[in-house]
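Everything on this sheet refers to the single structure shown next.
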Amino acid sequence: MSAKIISGTEIAAQIREELKKEVAELKDQHGVVPGLVTILVGKNPASVSYVTGKQKTAHELGFNSIQDDQSENIAEADLLKLIDKYNKDSKIHGILVQLPLPKHIDEKKVLNAIDPDKDVDGFHPVNVGRLMIGGAEVKFLPCTPAGIQELIVRAGFETSGAEVVVVGRSNIVGKPIANIMLQKGRGANATVTIVHTGTKNLEAHCKRADILIVAAGVPGLVKPEWIKPGSCVIDVGVNRVGEKLSEKTGKMVPILKGDVDFDAAKEIAGAITPVPGGVGPMTITMLMKNTVASAKMHAGLQGK
Ligand code: NAD
């Protein structure tokens with residue numbers, strides 16, 4: 001039987017509708033409007049496109065959203081001053097500095113200057129530590145891993161007691177999703193294994209997985225015979241494997257493939273995410289969710 005396809009596009013749209021309502025209620029009942037600033041240094045085309053997508057979504061949800069464009073030549077000290085200004089701005093609840101930054105700027109120094117309580121990307125060392133501790137300590141989950149957890153929950157998979165195998169140990173996907181899945185509570189409480197380039201028998205670990213999360217960046221790494229029948233497969237990988245002509249625009253567009261052989265895997269798994277249209281659409285949505293949570297936290301409205 002063919003697997004259920006977990007559509008990130010549909011689930012992200014559903015969450016955005018929920019957020020839109022929440023934002024309207026926050027405004028009507030408490031006079032609170034979530035504020036997000038995206039800081040873009042220079043004009044790297046990929047960065048411009050990412051920031052534009054984030055701003056567009058923030059506008060659609062009714063946020064106070066600010067796009068702050070800075071020259072590629074901005075001095076590091078001036079960028080730090082700008083972050084400090086937004087740290088102190090009570091109308092701003094989320095600060096995002098689009099990476100990469102020009103070479104003369106120390107990225108780590110800049111990201112660490114963001115107030116951890118406005119770090120809606122969830123990568124500040126304080127937020128990484130909070131996630132490690134878990135429970136009420138956690139303020140913001142990093143967006144892609146948070147999106148993965150949401151996909152698993154909304155697809156109806158039981159995580160408590162499940163064997164979760166994560167392929168990849170990066171700081172932006174592998175480590176945080178493993179950490180999220182092992183916490184106590186909703187959508188977690190799993191037995192987690194992380195496998196990576198140092199792992200001896202990748203196949204044996206993958207075969208045990210009730211939930212297999214693959215974030216390696218290697219097209220077709222996970223073979224269909226590695227998948228446990230009926231399991232939930234989350235393919236985070238996005239790999240450009242060629243180009244094709246778009247019928248819509250008449251322009252060449254990249255052909256994207258995941259880390260899992262989708263066509264064969266969908267005949268074995270119980271549920272699987274496609275690439276594109278799986279994890280990808282969730283990331284910006286979770287950034288918005290974090291910004292709403294931050295606005296509530298700053299207004300003393302958590303849990304309302
Ligand atoms: P990364 O390169 O930082 O980390 C990849 C990890 O996979 C490493 O820890 C490595 O040990 C492991 N790995 C690589 N090859 C392996 C192999 N042959 N066997 C076992 N382990 C192996 O990558 P990343 O930033 O974690 O991203 C992973 C993939 O997810 C990429 O394709 C990236 O484009 C994609 N991604 C998608 C989204 C999204 O959809 N929103 C977000 C982030 C990353």
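The values are calculated or read from the model by the stated rules, or taken from the named source; none is laboratory data. Since the model is a prediction, treat every value here as computed from it, not as a measurement. Reconstructed Cβ throughout: ideal geometry from the backbone, glycine too, with neighbour counts over all protein chains shown. Areas reflect the complete protein model, heavy atoms only, side chains present, ligands, DNA and RNA absent. Shrake-Rupley method; radii C 1.70, N 1.55, O 1.52, S 1.80 Å.
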Taking interchain pairs and intrachain pairs at least six residues apart, which have beta carbon atoms under 6 angstrom, with the first residue in segment 161-180 and assigned by TED's automatic domain parsing to the domain that holds Gly147 and within 8 Å of the ligand (Cβ to nearest atom) and the second at pLDDT 95 or above and part of a helix (DSSP H, G or I)? Gly168/Gly174; Arg169/Lys175; Val173/Thr144
Of the conditions (1) modelled with pLDDT of 95 or more; (2) away from the ligand (no atom under 16 Å from the Cβ), Pro219 fails just one. Which one is it? (2)
For Lys118, the lone unmet condition from (1) under 27 Å from Glu72 (Cβ atoms); (2) open to solvent by 60 Å² or more (accessible area, probe 1.4 Å); (3) not hydrophobic (A, V, I, L, M, F, W, C) is (2)
Could you please let me know if Gly129 is open to solvent by 10 Å² or more (accessible area, probe 1.4 Å), away from the ligand (no atom under 16 Å from the Cβ) and either among the small types (Gly, Ala, Ser) or at pLDDT 95 or above (or both)? yes
Every residue from segment 10-51 that is farther than 21 Å from Ala295 by Cα and either open to solvent by 80 Å² or more (accessible area, probe 1.4 Å) or part of a loop (DSSP other than H, G, I, E, B) (or both): Glu10, Gly42, Lys43, Asn44, Pro45, Tyr50
Screening Gly147, Gly134 for residues that are surrounded by 13 or more Cβ atoms within 10 Å (Cβ to Cβ) and at positive phi leaves only Gly134
Among (1) away from the ligand (no atom under 14 Å from the Cβ); (2) in contact with a strand residue (DSSP E or B) (Cβ under 6 Å, 6 or more places away or on another chain); (3) modelled with pLDDT of 95 or more, where does Thr273 come up short? (1)
Hey, any hits in segment 258-267 for a residue that's farther than 17 Å from Ala12 by Cβ, surrounded by fewer than 14 Cβ atoms within 10 Å (Cβ to Cβ) and of a type outside the set (A, V, I, L, M)? yes
Pairs with Cβ under 6 Å, 6+ apart, first in segment 192-203 and outside the structural domain of Trp226 (by TED's automatic domain parsing), second near the ligand (Cβ under 6 Å from one of its atoms): none
Matching residues, segment 276-292, being more than 11 Å from the ligand (Cβ to nearest atom) and among the β-branched types (Val, Ile, Thr): Thr291, Val292
